[in-house]
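What follows draws every value from the coordinates through simple rules; no lab data is involved. Bear in mind the structure is a predicted one, so any value in this text is a computation, not a measurement. For neighbour counting, all protein chains shown are included, and Cβ atoms are generated from backbone atoms with ideal geometry for every residue, glycine included.
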Ligand code: SAM
């Protein structure tokens, strides 16, 4: 599937820059998103470029949208929440699992020095890589692989963010996390019973914090859900 979303901030009656400003004010203020760098990045990234063209007018709504192959671009608030939970200052090397449209990777590119992002569906990875290249996100590298295994050749990471729902914490992430690094990951037995966890590496230990309930598509792979099992449990 290929699509060519609008390439400017204006389309017909829609001023996407204004919709983005409304998104930030209405969806984030009052819901705990206070990190000024995260708010600036969410104001900057043209989300309408990351959704199918016929959905561009909904790009700044408070909801996830379909991007093909049964996958979704996460709700803007969820992206902002996960980025804030990583506590990035700008010099970090970050790994994202679940490239999808490439939107969260684009937001992360404003917040960290280097972003690696992994997608298991080759077509989505190729589309996202092309989109990120076209939009000038030069510090993002997209790989097609099973992200449950992390990315050993680029480790260690200062932060790992997983944008699909895991069954348990894949051991590879702990092994590939730098001292003081953070893993932000939704974990749970079904789509509608996941908890967002933040794990911080302290020596050989991981300190876990429950950040509340969320809903994601499944993380499928060797250290994640089996595809058939996920379809049985989640659909
Ligand atoms: N971050 C994405 C964005 O900004 O558009 C949204 C991610 S979507 C909610 C979850 C993605 O995780 C899907 O594209 C799915 O194919 C991918 N995924 C699931 N299991 C994976 C795995 N083991 N490795 C890499 N990607 C995986």
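Put a dot 7 Å past each Cα toward the Cβ at residue 222 and residue 53; how far apart are the dots in nm?
Rounded to a tenth, the inter-label distance reads 4.0 nm.
Run the numbers for residue 126 and residue 31: contour at 0.36 nm per residue of separation, minus the present Cα-Cα distance, in nm.
Going from the current span to full extension adds 30.8 nm.
What is the distance in Å between the Cα centroid of the range 130-204 and that of the range 38-105?
15 Å
Where both residues lie in the chain, what percent of DSSP beta bridges are antiparallel, nearest 5?
In the chain, approximately 50 percent of DSSP beta bridges are antiparallel ones.
Given the rule -39500 (n - 2.57) for each run of at least 4 DSSP H residues, summed and divided by the residues of the chain, what is its mean residue ellipticity at 222 nm, to the nearest 500 deg cm²/dmol?
On the way: 7 runs with 62 residues, N = 235.
Per the formula, -7500 deg cm²/dmol.
Please compute the modelled spin-label separation between residue 195 and residue 40, points set 7 Å along Cα→Cβ, answer in nm with one decimal.
Each label point is offset 7 Å from its Cα along the Cβ direction, giving 3.5 nm.
State the three equivalent ellipsoid semi-axes of the range 92-232, derived from the C-alpha gyration tensor as the square roots of 5 times its eigenvalues, in descending order and whole Å.
Semi-axis lengths for the range 92-232 are 22, 19, 13 Å.
Of the peptides 144-151, 127-134, 225-232, how do they stack up when ordered by the mean number of other Cβ atoms within 10 Å, highest first?
Answer by packing, highest mean first, reads 144-151, 127-134, 225-232.
Which whole-number percentage describes the relative contact order of the range 69-184, with Cα contacts under 8 Å and a sequence gap of 6 or more?
Answer for the range 69-184 is 27 percent.
Using only the Cα atoms of the range 57-170, construct the convex hull and provide its projected area averaged over every direction, in square nanometres to one decimal.
7.1 nm²
How long are the three semi-axes of the equivalent ellipsoid for the chain, computed from the Cα gyration tensor as the root of 5 times each eigenvalue, in whole Å, largest first?
On the way: eigenvalues 138, 78, 61 Å².
Calculated on Cα positions only, the semi-axes equal 26, 20, 18 Å.
Could you work out the relative contact order of the range 16-234, using alpha carbon pairs under 8 angstrom and six or more residues apart, expressed as a whole percent?
Rounded, it is 14 percent for the range 16-234.
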